[in-house]
């Protein structure tokens with residue numbers, strides 16, 4: 001997990017299967033930006049919001065769950081794009097629920113407008129909120145939501 005800014009509230013941006021390979025995915029669904037470009041935009045937004053952001057990605061369900069479990073001790077919130085696991089993984093849903101801090105789920109595409117098998121979002125039900133269909137901008141929206149949730153906790 002690489003450090004991207006130096007503020008006090010720590011946010012993990014966690015991506016699931018295939019999201020490290022955006023350049024090979026259909027551009028009409030996932031956009032044309034590389035993950036490096038998206039991460040730079042996320043880092044800029046985090047700096048504006050005075051958040052410290054780190055990044056992790058895993059293609060395996062168990063590895064993703066392990067990262068999330070370890071993050072509980074060091075992160076104040078998580079922005080997660082579980083990819084296809086959002087439709088299939090009860091175990092990942094349980095790990096999100098056990099995180100017990102703000103979790104915002106992000107999807108680049110509008111999963112509700114895609115194939116019917118993508119409509120049930122198992123993991124989204126355990127998240128604080130879900131942002132879907134705004135492309136890479138969804139990650140920046142998620143940081144705004146996290147900042148608001150964390151500010152409300154302080155009040």
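Just so it is clear, none of the values below were taken in a lab; they were calculated from the coordinates. As the structure is a computational prediction, the values presented were derived from the model and not from experiment. In this analysis, Cβ positions are derived from the backbone assuming ideal geometry, glycine residues included, and neighbour counts consider all displayed protein chains.
Order of 105, 23, 61 from fewest to most other C-beta atoms within 10 Å?
Numbers: 105 24, 23 12, 61 17.
Fewest-to-most Cβ neighbours within 10 Å comes out as 23, 61, 105.
Please compute the length gained on full extension between residue 148 and residue 73, using 0.36 nm multiplied by the number of residues separating them and subtracting their Cα-Cα distance.
Numbers: separation 75, 0.36 × 75 = 27.00 nm, distance 2.09 nm.
Extra length available between residue 148 and residue 73 comes to 24.9 nm.
How large is log10 of I(q)/I(0) for the range 32-80 at q = 0.20, 0.21, 0.23 Å⁻¹ when the intensity is taken from the Debye formula with one equal scatterer per alpha-carbon?
Debye curve over Cα of the range 32-80, log10 I(q)/I(0) at q = 0.20, 0.21, 0.23 Å⁻¹: -0.80, -0.86, -0.96.
Quick one: order 52, 36 by neighbouring beta-carbon count within 10 Å, fewest to most.
Listed from fewest to most nearby Cβ atoms, that is 36, 52.
What Kirkwood hydrodynamic radius do you get for the range 81-150 when you take the inverse of the mean 1/r over all pairs of distinct Cα atoms, in Å?
With all distinct Cα pairs of the range 81-150 included, I get 12.2 Å.
Above 20 Å lies some portion of the pair distances; for the range 9-154, what is it as a whole percent of all C-alpha pairs?
Of the Cα pairs, 41 percent sit more than 20 Å apart.
Under 8 Å for C-alpha pairs, at least 6 residues apart: give me the relative contact order for the range 9-154, rounded to a whole percent. Before the final figure, lay out the partial values.
On the way: 256 pairs, mean separation 40.5, N = 146.
With pairs under 8 Å counted, the relative contact order is 28 percent.
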